[in-house]
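Written out below as structure tokens is the structure these notes cover.
The values are calculated or read from the model by the stated rules, or taken from the named source; none is laboratory data. Since this is a predicted model, take the numbers as computed values, not measurements. Cβ sites come from the backbone with ideal geometry, for glycine too, and all protein chains shown count toward neighbours.
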């Protein structure tokens, strides 16, 4: 293989893509963009450009991280700075073509910012988040066309792979060990050590598996990386395979990620065509193949032993460790199982050296952490910060804080297996160890922000409901223990809780943590334990006062129309009430018939904001006495 | 390897590397409770009851799956451990019905025992009602999954031991349960109702349906199953004088923890209401109850009268493969010493003579010379003319385990698709009766392609040149060549064969052809001749000068034999051409039949003696491996019955020549003293086979080839097992498999009633259109719920072995009634 030649061809391709002589339009079409309508925007742009006969190149890129503002379009016109536009609709797309491309109006009203220094508008890098972000894993995401391997190569891709063939397997493993890289899937086990054990296990064959079975509600880091920069993962896998002597690899990706499946498969085919995969990789004696295996949507298959069982054609159920996959994994052979982000980090370490990597992050947790920010936060999307950044920085500075002037209440880290941390924990640095002490886990990187309108008991119930339903059912603790916990939580949010439940919940949670077979069971009680620890008052309010402080639990709230605020002739709430529970009382002031109200919240939304007359009250009994609906006169 | 030392409850103990904590603890006599552990199953760590604490780091470990590691400080009884165990049991009990008082599992419930042992007190968890319907459609297994603790023993038994694959985990979370594919009822699944899971279930979730609410067994007796040639070690659970549970023996045996549906139904037969409870005598054309004294006297008088009038050669005895070795020995002595004739043969001839002839003439053994473990450890297995799924279930389990878990290659030689087809690497479907040619072709491939150590073969065997010369007329197809390569290159190869090979004309030659293969490749220790009945191997003896069983029928017709004693056999159903046999037997001046039931043969007897079942006597059976299985008396003989050995002694006494035995052990001792080592030493001899291709003798009137096959839910002549009300309920119809092409030609659809006829008989059956048999062929089970396929066969004897050719015959087929 002539790598220099491939590189120079890639540069030429890139130049065509990014030269300054022509107008370029980039549309973010990862799943986050598509969900917001990016494909329609792309179609509109292409049609319009053709109609207007404009000479411009349109390309699709992956996720830029600003998922809150999707669909995102970047326009770079010769002579003016590249500008990124957010919340683009098809209508806006037409306007952009007509005004920005045809004329010289940069449409700054749609712009999020520029991508380079200029005199017109600030760049997006002036946003406070960029002070904290350090995009290593996401280095290419949103910048390159994920379907084009040349884009990856130009940005340094496959250079690391080229260099390892001058190294021994041990050298590669040493580099990774020295870098201090720990598994990004949540376990935080030393990647280099895992590879070393696998290599030394001495099986007849060895496997490398990329775990892309991202199942946490609200987490989408792995999807974004696979959709936006698949080659970084593939290169990492090849390096791992070389280090441990594997000939076959699998990307285990959820079937619910169709775009990721397609993108990775395409990337594998390309890499194979160019000689980065397959026989005699890059002219070496090393052979390695990668197959995409689609998971069928079981959360537990993110657990490595269950994932392996699933590839083997069995029901995805975990088994006891030891034996660990590193010694007895797929088909009983030594197997490396690493997360998408771990593999994506590997080429950087090889290229820049272990010391470079270990200079980033904290003493025990090196490198960066990628979070999928979701929930009640302004800038939902992907963020990547060095390990050790505080939660406050991540949520308030990078994430832009809680929207609508609401009060921050908690952040759920690590998905349903993680914990809910309160305001007081926000100064904790994010790394593998600090979070554990606080009762949460680093997890795979899901971060859901909750505000004052979220009921913490309900939040715990929600996450436990998820893990209970996703429990594989194998071990008693997880199958039955979580069910009993869930039932107790259900009773509490229904207003039928008892105080002894709290002790029982704690005891049972500890039993499940200690006694379950796999990590799903061992971590399932975390949301309950952390909410009990930090939001005990909410539990007590539910049980003793039958009150939901967040005014969320339906059984504990009632709707009340404030007579002073009701605009008597408006009738908006009466019209929308599906249960016919609102009637006009004396002087046409609207009244809620509590017996009929189904608490659907529609009236609150319908009541014009200038009146804001409908409120929720908890406990339900706190609603003042109201007049009764007049009996209908019999005809 | 260095032993690993750990601290166990403060004691230094060591074990082998790879051993689990539980295994070591058991070895050291430390009890750790478990629900999901079973020595025959892969441990999975599901129930968590066996948690122990590693005090070194505070970890709680499931001892059944955690290997011992140097330095561990294990406590099996720490406070934390006890608390956890209690929690687990409480969790289970909180969603378990309160029906212990009426649950059949009763005192044998492991969950209840563990709950008591760990001292579960008040359960603080709210009850979760689990409204599961009790499934009770099939007559064998009843599932009440509200009692399930999901230990997954049933799933593992199904997948790891019997390899049926009928059940697996279903659903997730609290709804997880063991279920069939799509959660259909068991009878719509692959389930064979083998009962292995029933025996393993720690709670009352899976129960034997026939014996529900009969209470708990108070005693257990180990014995040997009588319902096929495998001779499984079973344990009969007793409550008073009733057998209320049948489970696999805990001591292993050939079945090693497994069972089959016939074995689980044995108690139905033993306690059948149809059992004869007293002897009967023919008085004025009618059989009437009689006392033992009168019946024995009448039988003896009959024999004496015939002997006096026509001489001893007018007497004959037919014994059975279902009689014990001791009984068969006694009958031999009775016939020769007391009656004074050599006319004794056993029904075992029908199943066993071919194998005996072929094996004796080549490698000098009497049957299989290796056990099932050897079969399971083979890396290549050939199954030819056998459907062990139906005829020898535990053999099928072993083959499937070998294929699925040990990577063995399976070569299946059978015209039909059988339960083994999906496990086979190569499935060759030869025409009927051409097995010898196929096997000859394989032998030729081995010789031609040099897949043998010719020098050793020449040195260590006889007649290699003769064999080589005989092979020239064979050719081998590509599948046969591939099979020959696999077989010849195996480290350890086995051949399993059954009636599909032996019940054709020249069956012994077909068996010789496969023995030749084994001798060529030095694999003679892997020859497994399957037997049909429980004591085929033990009951068969070469008659000394006397007539063989089927020849006796001819002799009756000729008037040479005038009186007969038939013990444990029902020739009218068991022999071909039922009509002719019945006619012949009714010519006898004195017919004495000893049986548990009033069989077709007993009905025409002059004296009927009511005999006992295998559970009511002592003795031994020799299974197909050559393993001698001990029978132990579980219950006293059912009122009015006596064991056959006792009947024979009484007859001898009444004849005036008492035999010198008081009990069965004295008979065993005499046999042991007489019988030496049965195997012949010396080099193996090749037996060149003079193969004659079967001519297609189907004709216009009888255009179809009928094939008799084995059926899991019936056995032998069906006489005994047909008295299981559960088996009867499950297969009450006669089904005939018809190839799709033939069915469409004759406009026959699934469920239509069809008539099958031969020159000697006819029967009606329900059509089952199938793609698993070749065109031009129809298949029915040998044993039918309403009788036997033997009604269709005439008595054609194999020249060499005098067995009947009851595998195929030409039949006509027509539709009688359309289904709906």
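See the values below:
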{"item": "Residue list for the stretch B:68-99, filter: without any contact (Cβ under 8 Å) to a residue 40 or more places away in the chain and in contact with a helix residue (DSSP H, G or I) (Cβ under 6 Å, 6 or more places away or on another chain)", "result": "B:84, B:86, B:87, B:91"}
{"item": "Residue check, residue A:461 more than 20 Å from the chain's Cα centre (by Cα), assigned to a helix (DSSP H, G or I), buried (at least 18 other Cβ atoms within 10 Å of the Cβ) and more than 13 Å from every other protein chain (Cβ to nearest Cβ)", "result": "yes"}
{"item": "Residue check, residue A:410 at pLDDT 95 or above, more than 28 Å from residue A:358 (Cβ to Cβ), outside the structural domain of residue A:513 (by TED's automatic domain parsing) and not in a helix (DSSP H, G or I)", "result": "yes"}
{"item": "Failed item in (1) within 12 Å of another protein chain (Cβ to nearest Cβ); (2) touching a residue at least 24 places away in the same chain (Cβ under 8 Å); (3) in contact with a strand residue (DSSP E or B) (Cβ under 7 Å, 6 or more places away or on another chain); (4) farther than 21 Å from residue B:3 by Cα, with residue B:32 passing the rest", "result": "(1)"}
{"item": "Elements of type helices (runs of 4 or more DSSP H) contained in the stretch A:198-296, each with 2 or more residues being within 21 Å of residue A:334 (Cβ to Cβ)", "result": "A:230-244"}
{"item": "Among the candidates B:799, B:728, B:790, residue that is exposed (fewer than 15 other Cβ atoms within 10 Å of the Cβ) and either closer than 30 Å to residue B:547 by Cβ or touching a residue at least 40 places away in the same chain (Cβ under 8 Å) (or both)", "result": "B:799"}
{"item": "Residues of the stretch B:505-526 that turn out to be touching a helix residue (DSSP H, G or I) at 6+ places or on another chain (Cβ under 6 Å) and not in a helix (DSSP H, G or I), as a count", "result": "1"}
{"item": "Sole residue being within 28 Å of residue B:510 (Cα to Cα), touching a strand residue (DSSP E or B) at 6+ places or on another chain (Cβ under 7 Å) and either without any contact (Cβ under 8 Å) to a residue 60 or more places away in the chain or assigned by TED's automatic domain parsing to the domain that holds residue B:579 (or both), chosen from B:739, B:757", "result": "B:739"}
{"item": "Matching residues, the stretch A:414-432, being out of contact with any helix residue (DSSP H, G or I) (no Cβ under 7 Å at 6 or more places or on another chain) and not in a loop (DSSP other than H, G, I, E, B)", "result": "A:415, A:423, A:424, A:429, A:432"}
{"item": "Scan of the stretch B:142-179 for residues that are away from every other protein chain (no Cβ under 13 Å) and over 22 Å from residue B:95 (Cβ atoms), ordered by number", "result": "B:157, B:158, B:161, B:162, B:163, B:164, B:166"}
{"item": "Any hit, the stretch A:383-391, residues being in the same structural domain as residue A:161 (by TED's automatic domain parsing), assigned to a loop (DSSP other than H, G, I, E, B) and touching a residue at least 12 places away in the same chain (Cβ under 8 Å)", "result": "no"}
{"item": "Residues within the stretch A:31-80 that are under 13 Å from residue A:142 (Cα atoms) and not in a helix (DSSP H, G or I), tallied", "result": "13"}
{"item": "Matching helices (runs of 4 or more DSSP H) fully within the stretch B:431-470 where at least 1 residues are touching a strand residue (DSSP E or B) at 6+ places or on another chain (Cβ under 8 Å)", "result": "B:435-448, B:454-460"}
{"item": "Those residues of the stretch A:541-570 which are part of a helix (DSSP H, G or I) and in contact (Cβ under 8 Å) with a residue 24 or more places away in the chain, in sequence order", "result": "A:542, A:543, A:544, A:545, A:554, A:555, A:556"}
{"item": "Failed criterion for residue A:306 (all others in (1) away from chain B (no Cβ under 14 Å); (2) closer than 21 Å to residue A:246 by Cα; (3) assigned to a helix (DSSP H, G or I) hold)", "result": "(1)"}
{"item": "Odd one out for residue A:535, checked against (1) touching a helix residue (DSSP H, G or I) at 6+ places or on another chain (Cβ under 6 Å); (2) crowded, with 23+ Cβ neighbours inside 10 Å; (3) farther than 24 Å from residue A:601 by Cα; (4) touching a residue at least 12 places away in the same chain (Cβ under 8 Å)", "result": "(2)"}
{"item": "Test for residue B:272: is it touching a residue at least 12 places away in the same chain (Cβ under 8 Å) and surrounded by 24 or more Cβ atoms within 10 Å (Cβ to Cβ)", "result": "no"}
{"item": "Qualifying position, being free of Cβ contacts under 8 Å to residues at least 60 places away in the same chain, surrounded by fewer than 18 Cβ atoms within 10 Å (Cβ to Cβ) and closer than 25 Å to residue A:453 by Cβ, among A:573, A:577, A:607, A:600", "result": "A:600"}
{"item": "Residue match in the stretch B:205-212 (condition: surrounded by fewer than 23 Cβ atoms within 10 Å (Cβ to Cβ), within 14 Å of another protein chain (Cβ to nearest Cβ) and either free of Cβ contacts under 8 Å to residues at least 40 places away in the same chain or farther than 25 Å from residue B:91 by Cα (or both))", "result": "no"}
{"item": "Selection status of residue A:624, part of a loop (DSSP other than H, G, I, E, B), within 27 Å of residue A:458 (Cβ to Cβ) and without any contact (Cβ under 8 Å) to a residue 12 or more places away in the chain", "result": "no"}
{"item": "Options A:342, A:327: the member that is at pLDDT 95 or above and within 14 Å of another protein chain (Cβ to nearest Cβ)", "result": "A:327"}
{"item": "Matching residues in the stretch B:38-68 - criterion: being at pLDDT 95 or above, farther than 30 Å from residue B:401 by Cβ and more than 8 Å from chain A (Cβ to nearest Cβ)", "result": "B:52, B:53, B:54, B:55"}
{"item": "In the stretch B:626-639, residue nearest to residue B:236 (Cα to Cα) [restricted to those that are part of a loop (DSSP other than H, G, I, E, B) and at pLDDT 95 or above]", "result": "B:634"}
{"item": "Some residue of the stretch A:490-502 being without any contact (Cβ under 8 Å) to a residue 60 or more places away in the chain, surrounded by 22 or more Cβ atoms within 10 Å (Cβ to Cβ), within 14 Å of chain B (Cβ to nearest Cβ) and under 26 Å from the mean Cα position of the chain (by Cα)", "result": "no"}
{"item": "Given (1) over 17 Å from residue B:264 (Cβ atoms); (2) within 14 Å of chain A (Cβ to nearest Cβ), number of the condition residue B:182 does not satisfy", "result": "(2)"}
{"item": "Filter result (surrounded by fewer than 24 Cβ atoms within 10 Å (Cβ to Cβ), in contact with a strand residue (DSSP E or B) (Cβ under 9 Å, 6 or more places away or on another chain) and outside any helix (DSSP H, G or I)) within the stretch A:332-360", "result": "A:333, A:359, A:360"}
